[in-house]
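> Quick one: the structure is below, and I'll ask about it shortly.
Every number in this text was worked out from the coordinates using simple rules, so none of it is lab data. Quick caveat, the model's predicted, so the values are computed rather than measured.
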Amino acid sequence: MSATQDATYATPGLVLVMEPPWMCILHNCECHTLEEVVGQLVKALECSTEEALTLAITAHEIGKSMVAVGAHEAVLHVSKILSSIGLQAPIHQS
């Protein structure tokens, strides 16, 4: 279906404004063990240990890792869980 055909289904005069996605960035720190960071990532993201390990290693090697992208509330939830043990995981709008 072409964009023109899609437009025929739109409500005349309706303009949808989509908010840019939010990101949660996990920063490396020397105050938590790798196991602590991985465990908190599993809890915050509901991901596998392997996925969490990849994110944690990226943060360790590069200094930061983008661990979540999405709507404000979802990304804020991840940030709060990570921050609850003192990890630096601020959110930013992209």
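> What list of ³J(HN,Hα) values in whole Hz, one per residue of the stretch 56-65 in order, does the Karplus curve 6.51 cos²θ - 1.76 cosθ + 1.60 (θ = phi - 60°) give from phi, with Gly and Pro shown as x?
Residue by residue, the stretch 56-65 yields 5, 5, 4, 4, 5, 7, 9, x, 6, 8 Hz.
> What is the gain in length, in nm to one decimal, between Cys31 and Thr49 on full extension, counting 0.36 nm per residue of separation less the C-alpha to C-alpha distance?
4.5 nm
> List the pair-distance distribution P(r) of the chain, using every Cα-Cα distance, as the percent of pairs falling in each 5 Å bin from 0 up to the bin containing the longest distance, rounded to whole percents.
P(r) over the chain, rounded to whole percents: 3, 14, 21, 20, 11, 6, 5, 6, 8, 5, 2, 0.
> A further question follows. Report the far tail of the P(r) of the stretch 24-76, meaning the percent of Cα-Cα pairs longer than 13 Å.
55 percent
> Using a Gaussian network for the chain with springs between C-alpha atoms less than 10 Å apart, which of these wobbles most: Val69, Val15, Val38?
Per the Cα network of the chain with a 10 Å cutoff, Val15 tops the list.
> Further question: Report the residue, chosen from Ile25, Ile81, Ile62, that carries the largest GNM mean-square fluctuation when the chain is represented by alpha-carbon nodes joined by springs under 10 Å.
Ile62
> If I fit a long axis through the Cα atoms of helix 72-83 and take the longest principal axis of the Cα atoms of the chain, what angle between them do I get, 0 to 90°, rounded to 10?
Long axis of 72-83 versus the principal axis of the chain: about 0 degrees.
> Another question, then. Between Ile57 and Met18, what length in nm is gained on full extension when 0.36 nm per residue of separation is reduced by their alpha carbon distance?
Values: separation 39, 0.36 × 39 = 14.04 nm, distance 3.27 nm.
Full extension from Ile57 to Met18 adds 10.8 nm.
> Now a separate question. Taking the chain as a Gaussian network, where each spring joins two C-alpha atoms under 10 Å apart, which residue of Glu73, Glu30, Glu19 fluctuates the most?
Glu30
> So what is the calculated 222 nm ellipticity per residue for the chain, using -39500 (n - 2.57) for each DSSP H run with n of 4 or more, over all residues, to the nearest 500 deg cm²/dmol? Please report the intermediate quantities before stating the final value.
Working: 4 runs with 43 residues, N = 94.
Counting only the DSSP helices, I get -13500 deg cm²/dmol.
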